[in-house]
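Reviewing the structure listed below.
The values are calculated or read from the model by the stated rules, or taken from the named source; none is laboratory data. These numbers were taken from a predicted model, which means no experiment stands behind them. Because the Cβ atoms are built from the backbone with ideal geometry, glycine has one as well, and the counts that use them run over all protein chains shown.
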């Protein structure tokens, strides 16, 4: 009868050969059991029983002794070494004294480098803050405040609109950054006009930039500090908003236009036509997005045409009817159906000019239209609904169905007791 051996009965040389065969060949376990005359019970698997370390020629980097290695499972590329004297292993989590000390040194070096980077960043930020403060002191108004009532009509209405639409920080004259505010694009009919107006006010000193704005709200451009329009905190330089005791009351008065007004017909007419033009251009820009034109810029001819239509006696609603007809014509053409958006936009603009010419020559008239697919801006609502008192007089759609005329404005001014103008 054949004698079977247990693994512990193998000599060191036989054991190493068995392990090497198991690791480096693809012989079945059954074949290995038969080759080394092992007990057939080992056919169920050798791995749990091959746990005796094997001496290797590798040297321990800690104490210099030869390393042992454990069984390297099939499919695993690198064996696990261990030093039976100091306990060193080739694992990244080795807990021997040498590896523990080395890891500590590496961690200290990483922390040192991190601290150096933080300190360098702190110095850069400190230097940048110095440049920011210098920039703000040299280019913006930080200490002079204006009285609301001493401003012109345009500035008063626009500032009131901003105070109504945007949020301030903790009952101060400082606004939260525009990127953190909601519906910023609806404050004015056109965001580009809003941005340019605010920047003009910054240069004039009526609006300033808060020196406590975060560093990331500023950037270097050609070696000089500049600011991100949406990231800085703007300050409204009004005495009324710098009065801590009367702040809440003053803010509400500004929001509701509860002040005395020295009104001039020409000033109202100019602002009326300007806001009306912005609304029409916003409507045109919105329609142009249907043609994949996302940043529409009006030509001088279109600007001149729209302003001329308004000045001629057409209401916003009537001009919108004209624009709607031109867009409807363009969207019905084969250019639009074939997605030739450039030719479609050219066709629409030519139709606007043609319809305008028909109106100017008396060939065609336009009824008061309505606002197609466009929300009224905050500025338009404040000027027409609140300032001109649309809600208190018989014209329910004054800005869209009523033409801008000096006679009508004079009548509005005369109704001071009804439209809150005194």
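The table for this structure:
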{"quantity": "Failed criterion for residue 89 (all others in (1) in contact with a helix residue (DSSP H, G or I) (Cβ under 9 Å, 6 or more places away or on another chain); (2) in contact (Cβ under 8 Å) with a residue 12 or more places away in the chain; (3) surrounded by 13 or more Cβ atoms within 10 Å (Cβ to Cβ) hold)", "calculated": "(2)"}
{"quantity": "Those residues of region 156-175 which are without any contact (Cβ under 8 Å) to a residue 60 or more places away in the chain and surrounded by fewer than 18 Cβ atoms within 10 Å (Cβ to Cβ), in sequence order", "calculated": "167, 170"}
{"quantity": "Among the residues listed as 56, 140, 130, the single one being surrounded by 12 or more Cβ atoms within 10 Å (Cβ to Cβ) and not assigned by TED's automatic domain parsing to the domain that holds residue 21", "calculated": "140"}
{"quantity": "Filter result (modelled with pLDDT of 80 or more and surrounded by 11 or more Cβ atoms within 10 Å (Cβ to Cβ)) within region 23-38", "calculated": "27, 29, 30, 31, 32, 33, 34, 35, 36, 37, 38"}
{"quantity": "Residue within region 221-228 that is in a helix (DSSP H, G or I) and not assigned by TED's automatic domain parsing to the domain that holds residue 313 present", "calculated": "no"}
{"quantity": "Top-ranked residue in region 245-290 [being without any contact (Cβ under 8 Å) to a residue 12 or more places away in the chain and not in a helix (DSSP H, G or I); ranked as nearest to residue 328 (Cα to Cα)]", "calculated": "262"}
{"quantity": "Of all residues making up region 233-280, the number that are buried (at least 21 other Cβ atoms within 10 Å of the Cβ), within 30 Å of the chain's Cα centre (by Cα) and within 30 Å of residue 350 (Cα to Cα)", "calculated": "5"}
{"quantity": "Conditions (1) closer than 18 Å to residue 147 by Cα; (2) in contact (Cβ under 8 Å) with a residue 40 or more places away in the chain; (3) touching a helix residue (DSSP H, G or I) at 6+ places or on another chain (Cβ under 8 Å); (4) surrounded by 12 or more Cβ atoms within 10 Å (Cβ to Cβ); number of the one not met by residue 211", "calculated": "(1)"}
{"quantity": "Segments classed as helices (runs of 4 or more DSSP H), wholly inside region 315-422, with at least 3 members that are over 30 Å from residue 194 (Cβ atoms) and either modelled with pLDDT of 85 or more or under 40 Å from the mean Cα position of the chain (by Cα) (or both)", "calculated": "334-337, 341-360"}
{"quantity": "Residue in region 108-115 that is surrounded by 14 or more Cβ atoms within 10 Å (Cβ to Cβ) and in a helix (DSSP H, G or I) present", "calculated": "no"}
{"quantity": "Selected residue [free of Cβ contacts under 8 Å to residues at least 60 places away in the same chain, in the same structural domain as residue 248 (by TED's automatic domain parsing) and farther than 18 Å from residue 231 by Cβ] from 178, 151", "calculated": "151"}
{"quantity": "Any hit, region 101-113, residues being free of Cβ contacts under 8 Å to residues at least 40 places away in the same chain and within 30 Å of residue 225 (Cα to Cα)", "calculated": "yes"}
